1. Considering only residues of the stretch 26-56 that are at pLDDT 75 or above and under 19 Å from the mean Cα position of the chain (by Cα), which is most open to solvent (accessible area, probe 1.4 Å)?
2. Suppose we filter the stretch 105-142 for residues that are closer than 26 Å to R60 by Cβ and either surrounded by fewer than 18 Cβ atoms within 10 Å (Cβ to Cβ) or of a type outside the set (V, I, T) (or both); how many remain?
3. I'd like the full set of residues that are of a type in the set (A, V, I, L, M) and farther than 22 Å from R82 by Cβ, limited to the stretch 140-168.
4. Mind telling me which of the residues G160, G96 ends up being touching a helix residue (DSSP H, G or I) at 6+ places or on another chain (Cβ under 7 Å) and either open to solvent by less than 30 Å² (accessible area, probe 1.4 Å) or within 18 Å of D58 (Cα to Cα) (or both)?
5. Where in the stretch 55-146 are there strands (runs of 3 or more DSSP E), lying fully within it, with 2 or more residues that are closer than 25 Å to K166 by Cβ?
6. Return yes or no: is D23 of a type in the set (D, E) and at pLDDT 80 or above?
7. List every residue pair whose Cβ atoms lie under 7 Å apart, where the two residues are 6 or more positions apart in sequence or sit on different chains, the first residue falls within the stretch 86-113 and is more than 17 Å from Q151 (Cβ to Cβ) and in contact (Cβ under 8 Å) with a residue 40 or more places away in the chain, and the second residue, located anywhere, is part of a helix (DSSP H, G or I) and hydrophobic (A, V, I, L, M, F, W, C).
Amino acid sequence: MPNVSIENATFERLQGHAKPLVDTIDSVISRALDALERETERPEAVRAGVEANERNLDPRRLPKLTHTKVLDATLAGRQIERPNWNLLLDEALRLGMKHVGTFHKLQQLCPVNMVKGRKEDDGYSYLADIDISVQGQDSNGACRGIVTIAQALGISLEIGFMWRHKENATFPGERARIRVASASLSTRTRAA
């Protein structure tokens with residue numbers, strides 16, 4: 001078996017995709033290679049067709065996201081399984097807490113209602129692993145929180161979604177994609 005050396009930054013990215021107490025480095029790399037191979041096996045015309053029919057949205061100027069359904073999402077390079085707006089917000093808050101370390105700093109970073117500790121009334125749900133409770137958001141509020149965290153921390157974010165065929169939907173039946181590029185560590189250090 002070959003002995004492989006990887007950079008610390010690459011190892012940290014691998015850890016972000018690992019399931020604690022389940023995955024090994026090999027299993028995470030194997031899963032990443034599987035995803036890469038599936039993507040390259042898709043016909044180019046299919047990949048181009050999906051992208052051509054999507055609106056690319058500026059995360060700083062989002063339209064109303066009422067009546068939208070999240071189709072796919074990646075956060076800090078990790079694909080989120082069965083995503084929805086509030087699940088993505090929870091994952092962004094977890095990443096935020098990992099980066100900033102304290103509830104007070106997380107609260108300053110993200111513009112959503114949250115309290116330290118357990119609160120499960122008034123629409124709050126408890127995230128035991130980071131000991132905070134966050135109030136459920138509509139799609140607009142959740143997306144604002146997610147984008148704010150990604151931009152502040154310089155982490156990559158990509159969300160593909162569609163507007164449902166509803167009367168008050170901004171673009172009924174259309175698909176769109178929000179992308180936030182990751183910033184290099186030196187860029188984040190200069191910005192801080």
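1. The residue in question is N56.
2. Total satisfying the criteria: 17.
3. Within the stretch 140-168, A152, L153 qualify.
4. G96
5. 68-75
6. Taking the combined requirement at face value, the residue does not satisfy it.
7. N86/A142
The values are calculated or read from the model by the stated rules, or taken from the named source; none is laboratory data. On a predicted model such as this, the values are computed, not experimentally measured, just so you know. Methodologically, a virtual Cβ is constructed for each residue, glycine included, from the backbone with ideal geometry; neighbour enumeration extends over all protein chains shown. Ligands, DNA and RNA are stripped out before the accessible areas are found, and what is left, the full protein with its side chains, is counted by its heavy atoms. Shrake-Rupley method; radii C 1.70, N 1.55, O 1.52, S 1.80 Å.
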